[in-house]
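Each remark here refers to the structure printed beneath this line.
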Amino acid sequence: MKFIKWLIPFALIVLVSCQDQQNTGYSIAVESIKLHNGLRSYIKEFDERGREVVRDTAVAMNNSLEFKGEVEYPKIVFLSIDGTVGQLMLFLENTDMSIELDTLNIAKSKISGSQLNEELATFNQEIVELRMSLQPYVVAFRQARRDGDQVKADSLQTIMEDISLKSLYFPLEYAKSNPSSYVSMYVVDSQIGSNAQLNYEDYSAAYEALDSSLKSTVVGKRIQKKLDIERQKFEREKITSIGATAPEFKGPTPEGGELALSEVYSKGKYTIIDFWAAWCGPCRRENPNVVRIYEKYHDKGLEIIGVSLDGNRNQKDPKDAWIKAIEADRLNWNHVSNLQYFGPIARQYNVNAIPAMFIVDNTGKIVAKNLRGRALENKIEELLGS
């Protein structure tokens with residue numbers, strides 16, 4: 001069974017309301033009998049580079065302290081107090097608010113006078129309830145597995161996956177449904193790059209739904225820059241996604257000739273494109289497994305073309321190292337290399353780390369990628385039979 005990870009950053013998921021137009025600034029009164037005279041407190045935020053910056057400070061007197069100031073638009077900040085573990089995340093807006101401090105767990109402190117923070121608490125509670133709704137099904141699923149009731153287990157697994165998917169997409173769906181909400185902007189910002197199951201199209205759809213007033217803020221502009229990076233990454237990965245046609249390439253062989261990918265995959269039923277290098281420890285450790293698979297399935301239509309990324313600056317003779325590794329590891333299949341480290345072929349396939357593998361059929365269509373060990377053997381067995 002595959003569980004979908006809970007990757008929603010709860011602390012950054014908040015709701016928003018209209019600001020009180022009668023206020024020109026914010027006032028925060030913090031009270032606790034444990035706020036001893038002289039204790040210093042800080043309101044911190046993060047700048048565009050992700051660095052923590054102290055925005056305001058206050059010193060406790062008579063079991064209380066107070067912050068005053070003004071913000072251009074509502075923003076997420078963090079309250080910390082000397083001698084108190086942790087910090088309290090809150091929405092800073094131009095209104096009067098008070099905080100009943102919980103010195104044992106500052107995150108549980110009660111904020112009043114701010115509709116934004118009241119809605120933040122309510123929304124976070126909805127997230128917790130959604131998360132907790134999964135637990136009874138997890139318990140029942142495990143019991144069904146122990147009882148050998150596969151029908152019930154399958155039914156429960158479907159329910160769990162539905163809840164997990166709802167949780168995964170909840171923040172972005174909220175943003176699309178609340179385009180004028182400041183929280184939507186912060187939700188989109190916090191979600192970008194948070195989960196491999198979400199991609200540029202998911203983030204972009206939520207961002208495009210935001211009002212132009214939100215997009216023009218510092219955070220809105222930061223999101224656009226992050227989306228530009230995600231778009232470039234998404235477009236590169238789409239080129240070698242499963243179902244796409246593998247980009248054609250041609251490279252020098254160890255013997256000094258040239259060999260094209262299409263010359264290899266047209267000879268067999270399925271071909272592994274194996275990105276590796278003589279200097280790559282994980283690649284060399286995986287090679288015996290690939291050799292075993294090749295010897296077992298070559299007669300059934302399996303071909304392999306190894307693309308070596310030798311040529312890093314630490315190699316005195318990259319070609320010699322490449323050829324010796326082929327011989328030592330008994331890699332008796334097709335090989336090419338430009339001996340340019342992560343050179344043009346690696347860039348074509350968006351390969352940033354090795355070992356990396358792609359499996360293509362005899363038309364060049366990618367049918368699988370990035371499999372190793374038993375997973376690779378299982379896929380080849382599925383394609384070519386045991």
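Just one of the listed residues (N378, N362, N352, N334) is farther than 24 Å from R292 by Cα and of a type outside the set (S, T, Y), and it is N352. Selection of first residues in the range 343-362 that are in contact (Cβ under 8 Å) with a residue 40 or more places away in the chain and of second residues that are in a helix (DSSP H, G or I) and acidic (D, E), restricted to Cβ pairs under 7 Å at least 6 apart or on distinct chains, gives the following pairs, ordered by first then second residue: N350/E237; P355/E286.
All conditions in (1) more than 30 Å from E381 (Cα to Cα); (2) free of Cβ contacts under 8 Å to residues at least 12 places away in the same chain hold for K233, with the sole exception of (2). Count, please, the residues in the range 40-61 that happen to be part of a loop (DSSP other than H, G, I, E, B) and modelled with pLDDT under 90. The total comes to 5. Once the range 65-112 is narrowed to residues that are of a type in the set (D, E) and out of contact with any helix residue (DSSP H, G or I) (no Cβ under 9 Å at 6 or more places or on another chain), the residue that is surrounded by the fewest Cβ atoms within 10 Å (Cβ to Cβ) is E70. V151 fulfils the conditions (1) on the phi < 0 side of the Ramachandran plot; (2) not in a helix (DSSP H, G or I) except for a single criterion, (2). Number of residues in the range 162-208 that are among the hydrophobic types (A, V, I, L, M, F, W, C), touching a residue at least 24 places away in the same chain (Cβ under 8 Å) and farther than 22 Å from N124 by Cβ equals 1.
Selection of the range 229-254 for residues being assigned to a helix (DSSP H, G or I) and not charged (D, E, K, R) yields I229, Q232, F234, I239.
Out of the residues in the range 313-331 that are surrounded by 15 or more Cβ atoms within 10 Å (Cβ to Cβ) and of a type outside the set (A, V, I, L, M), which is farthest from V291 (Cα to Cα)?
Step one: list which residues in the range 313-331 are surrounded by 15 or more Cβ atoms within 10 Å (Cβ to Cβ), which gives 315, 318-319, 321-323, 325-326, 329, 331.
Still in the list and also of a type outside the set (A, V, I, L, M): 315, 318-319, 322, 329.
Details: Q315: 25, P318: 22, K319: 21, W322: 17, D329: 8 Å.
Looking at the filtered set, the residue picked out is Q315.
Checking each residue in the range 198-251 for being more than 22 Å from the chain's Cα centre (by Cα) and of a type in the set (V, I, T) picks out T217, V218, T245. Here Q143 does not fit the description of being out of contact with any Cys (no Cβ under 6 Å at 6 or more places or on another chain), closer than 30 Å to Y26 by Cβ and part of a helix (DSSP H, G or I). The condition of being modelled with pLDDT under 95 and either touching a helix residue (DSSP H, G or I) at 6+ places or on another chain (Cβ under 9 Å) or assigned by TED's automatic domain parsing to the domain that holds I366 (or both) does not hold for E248.
From the list K369, K365, K379, the lone residue that is within 34 Å of the chain's Cα centre (by Cα), surrounded by 14 or more Cβ atoms within 10 Å (Cβ to Cβ), closer than 18 Å to Y265 by Cα and without any contact (Cβ under 8 Å) to a residue 24 or more places away in the chain is K379.
Only residues that are crowded, with 16+ Cβ neighbours inside 10 Å and not hydroxyl-bearing (S, T, Y) were counted in the range 259-293, giving 20. For L168, the criteria (1) of a type outside the set (S, T, N, Q); (2) surrounded by fewer than 19 Cβ atoms within 10 Å (Cβ to Cβ); (3) closer than 30 Å to V77 by Cβ hold in every case but one, which is (2).
Of the residues screened, D310 is not one that is out of contact with any Pro (no Cβ under 7 Å at 6 or more places or on another chain) and of a type in the set (D, E, K, R). Among the residues of the range 224-243, just one is in contact with a Lys or Arg (Cβ under 8 Å, 6 or more places away or on another chain) and buried (at least 16 other Cβ atoms within 10 Å of the Cβ), namely T240.
Just to be sure, is W279 more than 26 Å from E382 (Cα to Cα), in contact (Cβ under 8 Å) with a residue 12 or more places away in the chain and assigned by TED's automatic domain parsing to the domain that holds A375?
For W279, the condition - more than 26 Å from E382 (Cα to Cα), in contact (Cβ under 8 Å) with a residue 12 or more places away in the chain and assigned by TED's automatic domain parsing to the domain that holds A375 - is met.
The values are calculated or read from the model by the stated rules, or taken from the named source; none is laboratory data. Not measured: the values here are computed from a predicted model. Ideal geometry is used to build each Cβ from the backbone, glycine not excepted, and the neighbour counts take in all protein chains shown.
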